[in-house]
Each structure stands twice: as structure tokens, then as C-alpha cells.
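Beneath this line is the structure, given in C-alpha cells, with notes to follow.
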Amino acid sequence: MNIIETKKLVKKFGDITAVDDVSFEVKKGEIFAFLGPNGAGKSTTIKILTTLLSPTGGEILVNGKNPAHEQDAVRASFGIVFQDPSLDDELTAWENMEFHGVLYSIPKDIRRKRITEMLEFVELSDRKDDLVKNFSGGMKRRLEIARGLLHHPKILFLDEPTLGLDPQTRNHIWKYIQDLNKEEGMTIFFTTHYMEEADRVAQTIAVIDHGKIVAQGSSAELKIKTHTTSLEEAFLALTGTVIREEETKSVDRMRAGRRMWHK
Amino acid sequence: MNVIYILWLRQLKRYFRSKARMIGSLGQPILFLFALGFGFGPIFQKAGGGNYIQFLAPGIIGMSILFTAVFSGIEIIWDKQFGFLKETLVAPVSRIKIMFGRTLGGATVATLQGAIVFLLSLLVGFQPVSLSLIPIALLFMFMIALVFTALGTAIASLLDDMQGFQLIMNFLVMPLFFLSGALFPLNGLPAFIDGIASVDPLSYGVDAVRGALTGVYHFSFSIDFAVLVGMIILFLGIGSYLFKKIQI
Ligand SMILES: Nc1ncnc2c1ncn2[C@@H]1O[C@H](COP(=O)(O)OP(=O)(O)OP(=O)(O)O)[C@@H](O)[C@H]1O
Ligand SMILES: [Mg+2]
């Protein structure tokens, strides 16, 4: 059974077609990796699936519902760790977790227990009452992940969850996510630029480039298809070795600059 | 209910944690009370207007509520830029609830700010006619705060960054303040100023607070009350509609 389906999904921003005729399916309970070079359209697709953006065209179903129209029903079915920061810097680690728990209606006693456990898990227990603005980049990332794992949804979207984390932490977190997937049958949809990570955990991989899906299958299938021996080689064979002249970067830089300006 | 509470609480925590902002935003009302209150006091008295501080204080209370409220609403732009808004927008909670929680929080903060200015005005000689009407004044202050927090939210829903902020301050917030009867009585004004003042929600808000604190209304208790209720419904409606449509 498919828990996520997209058919001919299109998203345009002005003249840029960020997502161009994308169709794929994610089976219930699987770990699905969505790979692609910078600016390929991964985050945009995730934003559409998670109701943050409305598509320009195409059909989508998430847990049997349409994110463009049945937003509340779709929102109740997933959790997400965003690629960009999404914490409140002016609140403490604990307060960020508490806020999330209340938004997701986790009953108080379970909520407190889970928050304690998750902060323990990402080794932030002793900093729980510190304001997030005083955290390092890696600490913030760990807190985002802990928060995303606080409630146990049917589908978990992870947009480059392990970005900027050291290998120890990455392994530790992936082990936890794989356990969740096995024990609760939680569907995992993730993106990453670490190919060995995708190779190790994903059952199905879709590769997107310039807004189009260029290949789909298991890691083994992709390697056979491209006559390569590692997923990284397969990825390069599929998407080429050209470094992306990439709009995101300059937009991000502008955004960062503006942020500093207004801080 | 819990959701609205936690959103409200977040606004309050952010307010109490940024002491600089709290104190900074008291500078302007204090300056206005002193400079205008004592500067124009003698002329106002000579012209037969009575004690100017008595007239001015409710206006300055209204001003500080207006500024704080619009700013609280506008804060959504920051949440967009710093990313926190995404966290609330994907949650399985209706956006109306999110908008209400935030607006109640922002309005509470603005009312607190107004209450502080009220206390400060007592120091420069403002005398409320009756202590028993202070709760009524507070209610009106909260109503002003709701109107303008919702307005700020509506505007912020349309903007992606703070670039338009100066524009909003200079072409919306400042005129709302200066043309509201906060600084001068609305009697015998040239027709166009009178016209603007009579469609400015703050005119009714200031009049309501002034009426409750000094017993003198330009419109009347019931007109002020009715207009404020109408404006709250209108702006909450527009704000919710626009907030619901935010895309990130
Ligand atoms: N709000 C927006 N307005 C205009 N263009 C956008 C917007 N968001 C994304 N894009 C463009 O859409 C394209 C896809 O961006 P997206 O963020 O989905 O890429 P990605 O695959 O997640 O890349 P990365 O690996 O760098 O995160 C890029 O060209 C980007 O510049
Ligand atoms: Mg991305």
C-alpha cells in the first residue's frame, strides 16, 4: 500500500520550474530516500507534501488525503525535521519541546516523560533550560531532531536531518530512526547529501535532478542500472558531475545578509 | 484551548525576556508625556482646554498600545525569516487557532505596555476621576490592542521581510496615531482631518480610554464600544483569512 503518491507534480516560482512533472510512490512502512544535487527540488517537494506550499499542478496523496485541500487531515499524519532552522531562539530547549508537545496534543504526563527522554537522547539534558540562541549549530540541529521525534506520526519527513552533525551523532540518530521504523512501522521520507547514509538505511531511492525524477529503485538496482559499484558513483552517473549554478545559494546568502542586517 | 494558551504564553515570555525592548518602547511615551504635556500645557490651558496632561495621558496610553500591538503582529515576519513559523504552520492545529493565540498574546503584551504608561502618567500629574472605572479603561485598552495586533498580523501575512516595515510605520501607524485625537481634541477641526479621524479606529479607542479615566467623551461610551467590537471582528477576520493563506 502506498502512503505517499505524487502524479505529474509541478511547482513553478515565476519562470523557475522547481518541480517538473514528478511522479513517485512511497510504500507504507518503508524508508525512502529522495536524493538530488543542490536546487534539484527536494525541499520544494517536501513543502508541498507537508502543506506549506500549494502545487502548480499534479496530484498528490499523503496518507490518503490531498495536502492542497485536506490540510488538517494531512497535518495530523506526519512529523517533520526541516532543512532550515525552525526553533524559537528566545525560548529554552525545554520550552521549544513543550510548545511542540502541546501543539501535537501529547498528554501532559507522556509529554514530560518523552521530552526528558528525547533531550537525554540528543545529549542536551544539562542544557535544557538554556535559551536556544546560546546553542551551537550542532546543538540546535540535535534539538530540531529531538523535537521532530517527540510525537510518533505515521510519516516522518526528514530534510537533510543530519546536516552538520558529526559521524557519531549521525549513526546514533539513524539507529533510533530505524528502530522507530521497525517497531512502529513509521514511514520515513528523507533527503541527504551523504550517499553512504542513504545506501545504508534506505529501501527505496528516488533521484531527482532539475526538478525531474531521473531514476528510482533500491540502491542495488541503481548501481546495476548505472554499472557502478557505489551509490555515490551511481548518483554521479545519473546527475552528472557539473556543479550546480545554483539559485538557492545566492538567495540563501541574501536572506542571511538581510537577517544579520535586521538582527 | 491548550494550544491557544501556549501561543499566548510564548508571546508573553518573549516580551518579558527582552527587557531592552520593553524599556526601549517606554522611551517614546515618556518623551511625549513630558515634552508635549509640559510644552503645550500652558497654551492648552489658555485656550480653555483645561489641564493638558489630563487630556494627553489617555492619548499616549493609546499610542503605546498602538505601537506595541502593531509590532507584535508584525513579529510574524521575524518568525517567517527565522523559520519558527513553519513549525506552527505544519502542526495539526487550525490556523485560526494559531492566529487567535498569537493575537491574544500580542494584545496582552500591548495592554501591559499601556498599563505601564498609565502608571507613569500618574507620576507626571495625571489624575483619573474614579478608580472604580480603571477596569473599564483596561478593557478598552485590551480592545485597542486586539484591533491593532490583528491589523499587524494581517499586514505581516502579506510581507516576506522587514523591508516594508518603514513604509508601514510612516504611512499607516504614524497617521493612525497623529490623526486620532490622541494629541488634540476632535472639535472644530478642518473637515478632511475630521473625516480621517472619524474612520481611524484609534480615535474611538483613545476616546473610550479617555472617557473611562476622565469622564469626558467626544463620541460616547456606546459608540466607542460598538466601533471597537466591530473593528476587532473585522481585523480578526481579515487577519485570519490572510494568515491562512501564508505559503513558505
Ligand atoms: N520561494 C522560492 N521562490 C523562488 N524560487 C524558489 C523558492 N524556493 C525554492 N526555489 C527554487 O526552486 C529550486 C529547488 O529548490 P529546493 O530548495 O527544492 O532544492 P533542494 O533540492 O532542496 O536543494 P538543496 O539540496 O540545496 O537543499 C531552486 O532553483 C530554488 O532556487
Ligand atoms: Mg533542500
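The values are calculated or read from the model by the stated rules, or taken from the named source; none is laboratory data. Computed from a prediction, not measured in an experiment: that's the story for all the values here. We place every Cβ from the backbone using ideal geometry, glycine too, and count neighbours over all the protein chains shown. Side chains included, ligands, DNA and RNA excluded: accessible areas come from the protein's heavy atoms. Shrake-Rupley method; radii C 1.70, N 1.55, O 1.52, S 1.80 Å.
Just the residues that are in contact (Cβ under 8 Å) with a residue 24 or more places away in the chain and assigned to a loop (DSSP other than H, G, I, E, B), please, taken from region A:86-111.
Those that are in contact (Cβ under 8 Å) with a residue 24 or more places away in the chain and assigned to a loop (DSSP other than H, G, I, E, B): A:86, A:87, A:88, A:89, A:90, A:91, A:104, A:106.
Report yes if some residue within region B:139-150 is modelled with pLDDT of 95 or more and either among the small types (Gly, Ala, Ser) or touching a strand residue (DSSP E or B) at 6+ places or on another chain (Cβ under 7 Å) (or both); otherwise report no.
Yes, region B:139-150 has at least one match.
Going by the conditions given, is residue A:199 under 26 Å from residue A:7 (Cβ atoms), away from chain B (no Cβ under 14 Å) and either at pLDDT 95 or above or open to solvent by less than 20 Å² (accessible area, probe 1.4 Å) (or both)?
No.
Hey, any hits in region A:63-84 for a residue that's of a type outside the set (Ser, Thr, Tyr) and more than 14 Å from chain B (Cβ to nearest Cβ)?
Looking through region A:63-84, at least one residue is of a type outside the set (Ser, Thr, Tyr) and more than 14 Å from chain B (Cβ to nearest Cβ).
Taking the conditions exactly as written (over 29 Å from residue B:88 (Cβ atoms), acidic (Asp, Glu), away from chain B (no Cβ under 14 Å) and within 19 Å of the chain's Cα centre (by Cα)), does residue A:209 satisfy them or not?
Considered against the rule, which asks whether it is over 29 Å from residue B:88 (Cβ atoms), acidic (Asp, Glu), away from chain B (no Cβ under 14 Å) and within 19 Å of the chain's Cα centre (by Cα), residue A:209 comes out as yes.
From the list A:224, A:188, exactly one residue is out of contact with any Gly (no Cβ under 6 Å at 6 or more places or on another chain) and touching a residue at least 24 places away in the same chain (Cβ under 8 Å). Which is it?
Exactly one residue qualifies, and that residue is A:188.
Filtering region A:85-101 down to residues that are open to solvent by less than 10 Å² (accessible area, probe 1.4 Å) and more than 18 Å from residue A:52 (Cβ to Cβ), which residue is farthest from the other protein chains (Cβ to nearest Cβ)?
Within region A:85-101, the match that is farthest from the other protein chains (Cβ to nearest Cβ) is A:93.
For every residue, the table says whether it meets (1) under 26 Å from residue A:2 (Cβ atoms); (2) within 17 Å of the chain's Cα centre (by Cα).
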| residue | (1), (2) |
| --- | --- |
| A:67 | yes, yes |
| A:70 | yes, no |
| A:85 | no, yes |
| A:112 | no, no |
| A:146 | no, yes |
| A:155 | yes, yes |
| A:179 | yes, no |
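Would you mention how many residues in region B:154-163 are open to solvent by 20 Å² or more (accessible area, probe 1.4 Å) and either of a type in the set (Ser, Thr, Tyr) or part of a helix (DSSP H, G or I) (or both)?
Within region B:154-163, residues that are open to solvent by 20 Å² or more (accessible area, probe 1.4 Å) and either of a type in the set (Ser, Thr, Tyr) or part of a helix (DSSP H, G or I) (or both) number 3.
Which residue out of A:170, A:141, A:114 is closer than 18 Å to residue A:42 by Cβ, among the basic types (Lys, Arg) and either part of a helix (DSSP H, G or I) or open to solvent by less than 10 Å² (accessible area, probe 1.4 Å) (or both)?
Criteria check complete, one pass: A:141.
Residue-wise test of (1) out of contact with any Leu (no Cβ under 7 Å at 6 or more places or on another chain); (2) of a type outside the set (S, T, N, Q); (3) in contact (Cβ under 8 Å) with a residue 40 or more places away in the chain.
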residue: B:153; (1), (2), (3): yes, no, yes
residue: B:156; (1), (2), (3): yes, yes, yes
residue: B:165; (1), (2), (3): yes, yes, yes
residue: B:173; (1), (2), (3): no, yes, yes
residue: B:176; (1), (2), (3): no, yes, yes
residue: B:210; (1), (2), (3): yes, yes, yes
residue: B:218; (1), (2), (3): no, yes, no
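Which of the residues spanning region B:213-248 are open to solvent by less than 40 Å² (accessible area, probe 1.4 Å) and either hydroxyl-bearing (Ser, Thr, Tyr) or within 14 Å of another protein chain (Cβ to nearest Cβ) (or both)?
Across region B:213-248, the qualifying residues are B:214, B:220, B:240, B:243, B:246.
Any residue in region B:35-51 that's on the phi > 0 side of the Ramachandran plot: show its pairings with residues that are assigned to a helix (DSSP H, G or I) and open to solvent by less than 90 Å² (accessible area, probe 1.4 Å) at Cβ separation under 8 Å, as long as the two are six or more apart or on different chains.
B:50/B:44
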